[in-house]
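No lab work stands behind these numbers, since they all come straight from the coordinates. Since this is a predicted model, take the numbers as computed values, not measurements. Note that we place each Cβ from the backbone using ideal geometry, even for glycine, and neighbour counts take in every protein chain shown.
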Amino acid sequence: MFFSQAGARPRMWEASPSEHKKWVEVFKACDEENKGCLSRENFKVAVVMLFGYKPSKIEADAVMSSVDPNTSGILLKEFLDIVRKKKEAQLYRNEIRHIFTAFDRHYRGYLTLEDFKKAFKQVAPKLSERIILEVFRGPQSPVIAPLQKHLLLPPPSPTPSQLSFPPCS
């Protein structure tokens, strides 16, 4: 994958059986009361265990606001879906960083116009220089905007509309 898919979300990724098992084990370890659901705090602990960071209040709010207020928390199925989506996003950002690093030959943390031209010559040799210049200079470019978004901003959090949780039993 390179610029042809830079703005698109990656194809759906599936966890290996061992990774899936780990996620289930983390869920069970964090489900302290064995209710089959994770509370807000237990969800945060699970994210720390799996991803190494504590979710922000905004991220936790986005997840928990989708849960019925009369329930105890997040069911295993929803937890696995959230973790899969977070892993997909993490892999996508890592792929973008890897591509960027491959073209940042002087390890400056940014690409000059010359770096950009060399990169395009490698992946799209027939592309006109005019288009390359347009892409390089345009902040709303379909190529640059996704790169900026994934390289400069923190990981995206799921919004309430992206998540749905049935009541906990």
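Can you report the number of residues in segment 11-49 which are surrounded by 14 or more Cβ atoms within 10 Å (Cβ to Cβ) and not in a helix (DSSP H, G or I)? The qualifying residues number 7.
Looking across segment 56-110 at every residue that is hydroxyl-bearing (S, T, Y) and in contact with a strand residue (DSSP E or B) (Cβ under 8 Å, 6 or more places away or on another chain), the one that is nearest to A29 (Cα to Cα) is identified as S72.
When restricted to residues that are buried (at least 17 other Cβ atoms within 10 Å of the Cβ) and among the small types (G, A, S), segment 80-112 contains 1. Within segment 50-78, the set of residues being surrounded by fewer than 15 Cβ atoms within 10 Å (Cβ to Cβ) and out of contact with any helix residue (DSSP H, G or I) (no Cβ under 8 Å at 6 or more places or on another chain) comprises G52, S56, K57, I58, D61, D68, P69, N70, K77. Residues that are of a type in the set (D, E) and loosely packed, with under 14 Cβ neighbours inside 10 Å were ranked within segment 113-130; the one that is nearest to A46 (Cα to Cα) is E114. Looking across segment 111-134, the residues that are over 19 Å from T101 (Cα atoms) and assigned to a loop (DSSP other than H, G, I, E, B) come down to P125, K126, L127, S128.
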